Amino acid sequence: MLFAALGAAYSIATQDYWTASQPMVLRDEANGAADRLGRFGSQTDLKAAQETILEMAQNHEVVKFALKQIGPESGGSDESWLTNEVVAQAAKKRVNIRAPQDGEFGGSEMIYLQVEEVNPQRASDFCNAIYESLSQQMREVRRVRADSMIQELAHARDMARRNLDEASAMMHEIEITFGSDLGDLRNLSEMNIGDGANRRALEDTSRELQAAELELAKQESLYELLAQGLRDPNHLLVSGGEQLNLQTALKRLKDGLIDSQLERSKLASRLTEHNPKMKSAVAAETKIRAEMQSETSLVLRSMEPVLSVERARVEHLRTKQQGIQRRLDRLAEGRTTYAKIAADVKHRTAMLEEAQRSLASAEASRSASLSINLLSKLGPVTTSDNPNGMSSTMLTGGGAAAGLIFGLGAVFLVAPGTHQSRFGRRWSDVLGRRASDQNARSGNGQVERQVNAPGERRSASRA
C-alpha cells in the first residue's frame with residue numbers, strides 16, 4: 001500500500017508532456033551549386049549542416065523567441081516567467097533535431113524537429129514557433145555570413161582592381177614608348193606565328209638592297225670596262241661582251257672595228273703598206289677606233305649620274321635596313337618585359353573577374369537570405385495521442401507491484417525456515433544470541449594470549 005501510494009503521488013506530482021514532430025528537408029544553397037540542384041556536395045557537408053541545425057534549434061535566443069510566442073502555461077501575459085533557467089531547461093530537454101528512424105545525421109536530407117509540451121495544442125504551437133524562430137535565425141546567420149563575405153570580397157576586388165591599374169599603367173607606358181612598333185611587339189610577346197610589319201619590311205628591304213647592289217656592281221663593272229676601253233680600245237674587243245649589250249652604239253663600233261681589223265689582216269697578207277687599199281683599210285680602222293673612244297667618253301659621262309643614283313639608292317637601302325634591324329633589336333630587348341607585364345595584366349584581369357563574380361554571388365546569397373528558407377516543411381505537425389512515459393494508472397499499479405514484491409521479500413528474509421537450527425526462536429533472539437556468542441569468543445582469545453609466555457610453542461589442537 002505504501003509503494004502504491006508513492007507511485008500515485010509521483011504521478012500526481014509530475015507533469016505529463018506530449019511530443020510534437022515536424023518533418024523537414026534541408027537543401028544546400030543553389031548559389032554557385034546550381035548544377036547539383038540544391039543537393040550537398042558530400043555526406044560530410046550534409047552532416048555538418050544538420051548538426052548546425054541542431055545547435056541552432058537549441059540556441060538560447062531561438063528557444064526564447066518561441067517560448068515568448070506561445071506564452072506561459074497559465075495563459076497570462078506576465079513575462080517574468082521567461083527566465084534564463086526556464087529557457088535553458090526547455091532548450092536542453094524539450095527541443096531536439098533527430099534523423100529519420102533515429103539514425104545518424106548525414107544519411108538523408110530529411111530531418112525531424114521534435115518538441116515536448118504540457119498539452120497537445122501547446123506542443124503543436126511550440127513546434128511551429130520553434131520552426132519559425134529557427135528559420136528566422138538561419139536567415140539571419142546567412143545574412144551575417146554574406147555581409148562578412150561581401151566585405152571581404154569587396155576588399156579583394158578593390159585590391160585586384162588597384163593591382164590591375166598598376167600593371168595597366170606600366171603596360172601603357174611601354175606601348176607609348178614603342179608606338180608604331182606595338183603590333184610587332186605584341187606578335188613577339190605572344191609567340192605569334194605570323195611575321196610582323198618590321199620583319200616583312202626588313203625582308204623586302206634586304207631583297208631590294210641585294211638587287212640594287214647587284215645593279216650597282218654591274219654599272220660599276222661597265223664603267224670600269226669603258227674607262228679601260230677609253231685608254232685602250234683593244235680592251236673592249238677582248239672583254240665586256242655581255243656588258244656592252246646595253247650600249248648599242250659601242251656594240252656596233254666594236255663589231256665594225258673587229259671587221260676592219262679582219263679586213264686589214266686580209267689585205268696585209270697580199271698587199272704592202274703603201275698600197276692604196278691597205279692605206280684605206282688602216283685609215284678606216286683608225287677612224288673607227290677614234291669614234292669608239294669618243295663614244296666611250298660620252299657613255300662614261302652619261303653613266304656618272306646613273307652610278308650616283310645607284311650608289312645613293314644602295315646607301316638608302318642600307319640605312320633603311322640598319323634602321324629596321326635596330327628597331328627589331330629594340331623590340332627583342334623589350335619583348336621579355338612586355339610579355340611579363342602583359343601576362344601580369346591578363347592574370348590580374350582574371351583575378352578581378354573572379355573577385356567580381358564571387359562578390360556578385362555573395363550579394364545574391366545575401367539577397368536570397370532575406371526571403372528564402374533552406375529548411376522546408378514536409379507536411380503538418382504531428383502530435384502524439386498520449387503523453388510521454390507511463391500513465392498515472394501504470395505508475396500506481398507498478399508501485400503496488402513493487403511494494404508487494406518488497407513485502408514478500410522482507411517476509412522470506414526475516415522468517416526462519418523449517419530446516420534451520422534456530423527453528424522456533426525469534427529473529428531478535430537470534431540476532432542477540434549471535435552477538436553474545438561473538439563477544440565471548442573474542443574474550444577467550446584475549447585471555448589465552450595473556451597466559452602463554454613468549455617463546456612457548458603450542459599446537460593448534462591443544463589450544
Identity of the residue in region 214-246, more than 17 Å from Arg289 (Cβ to Cβ) and in a loop (DSSP other than H, G, I, E, B), that ends up modelled with the highest pLDDT: Leu246
Being modelled with pLDDT of 75 or more and surrounded by 13 or more Cβ atoms within 10 Å (Cβ to Cβ) is the requirement here; does Leu209 meet it? yes
Can you list residue pairs whose Cβ atoms sit under 6 Å apart, with the first residue in region 201-213 being part of a helix (DSSP H, G or I) and the second being of a type outside the set (S, T, N, Q) and surrounded by fewer than 18 Cβ atoms within 10 Å (Cβ to Cβ)? Count only pairs 6 or more apart in sequence or on different chains. Thr205/Lys320; Ala212/Arg313
Could you please find all residues in region 319-355 being more than 30 Å from Glu208 (Cβ to Cβ) and among the acidic types (Asp, Glu)? Asp344, Glu353, Glu354
Tally time: how many residues in region 318-360 are under 28 Å from Ser206 (Cβ atoms) and not polar (S, T, N, Q)? 16
Among the residues that make up region 99-117, is at least one of them in a loop (DSSP other than H, G, I, E, B), farther than 24 Å from Ala49 by Cα and not hydrophobic (A, V, I, L, M, F, W, C)? no
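The values are calculated or read from the model by the stated rules, or taken from the named source; none is laboratory data. Because the structure is predicted, anything quoted here is derived from the model rather than measured. Cβ: placed from backbone, ideal geometry, glycine included. Neighbour counts: every protein chain shown.
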